[in-house]
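The block underneath contains the structure these notes are about, expressed in structure tokens.
The values are calculated or read from the model by the stated rules, or taken from the named source; none is laboratory data. Model, not experiment: these values are computed from the prediction. Glycine gets a Cβ as well: all are built from the backbone with ideal geometry, and neighbour counts include every protein chain shown. Keep in mind that these areas ignore ligands, DNA and RNA; they rest on the heavy atoms of the full protein, side chains included. Shrake-Rupley method; radii C 1.70, N 1.55, O 1.52, S 1.80 Å.
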Amino acid sequence: MKRAYIILIAICIISLNTMAQIFRHEVDSLKSEIAKADKKQKVLLYDALSRLYWNNNPDTSLYYAELSLLAAKKINDAELLGEAYNSMGNASLMLKNTAKALDYYVESKGFREKAGDKVKVTHSLNNIGIACRNMNMYTESVNAFKEAAEISRQLDDYENEAQMLLRVAETYDRINNNNKALEYALNALNIFI
């Protein structure tokens, strides 16, 4: 039995080491591309680095999101500004600065609307809904999720529509409005079926 534990621990250590090497390689690869990238590519590379750090190092994620935002502001591209503000929001949310994250998500949504990217607008609305729900702003949360569901329906993106309706149901469930929670959960289920 003791030998099995030792083998299990060794496998875990090897797996973690391998994952760390892969992560490090990805980071190094993205960083090496920055020096030779054009202005637009730099925004995307900084954004990619920010995304890599979202879950394991939000401070570093915020750092790269800030670099992405600075680079996006220099070229004033609505699509890239939407991405950069979204990454700022995600990093802020991971740092438990939900109010700031909400501000960034609202900025992201505005730029994504300006760029005409309705799919990304639904992503921003989802993030706004999550931030509002985390701040106990339930009406705003429900409204954001419903708007995302409606846009998704217009785009024939039924999976995302159903996901947004489930988020509405979850929000109603959180405030113990069981009838509304059941209504929206069933609406989502009907789309999934």
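For the range 32-48, the set of residues classified as polar (S, T, N, Q) and either under 15 Å from G89 (Cβ atoms) or in contact (Cβ under 8 Å) with a residue 24 or more places away in the chain (or both) is empty. Those helices (runs of 4 or more DSSP H) of the range 107-193 in which 2 or more residues are under 18 Å from the mean Cα position of the chain (by Cα) and not acidic (D, E) occupy 118-134, 138-154, 158-174. The residues of the range 124-176 that are within 18 Å of S108 (Cα to Cα) and of a type in the set (S, T, N, Q), listed by number, are S124, N126, N127, S141, N143, S152. Just for the range 34-51: of the residues that are among the charged types (D, E, K, R) and surrounded by 13 or more Cβ atoms within 10 Å (Cβ to Cβ), which one is farthest from A65 (Cα to Cα)? Per the stated criteria, the residue is K40. Residues that are charged (D, E, K, R) and surrounded by 19 or more Cβ atoms within 10 Å (Cβ to Cβ) within the range 116-146 comprise K120, R133, listed in sequence order.
The residue pairs whose first member lies in the range 49-62 and is within 10 Å of L95 (Cβ to Cβ), whose second member is open to solvent by 60 Å² or more (accessible area, probe 1.4 Å), and whose beta carbons are closer than 6 Å, counting only pairs six or more residues apart or on different chains, are P58/M94; P58/L95.
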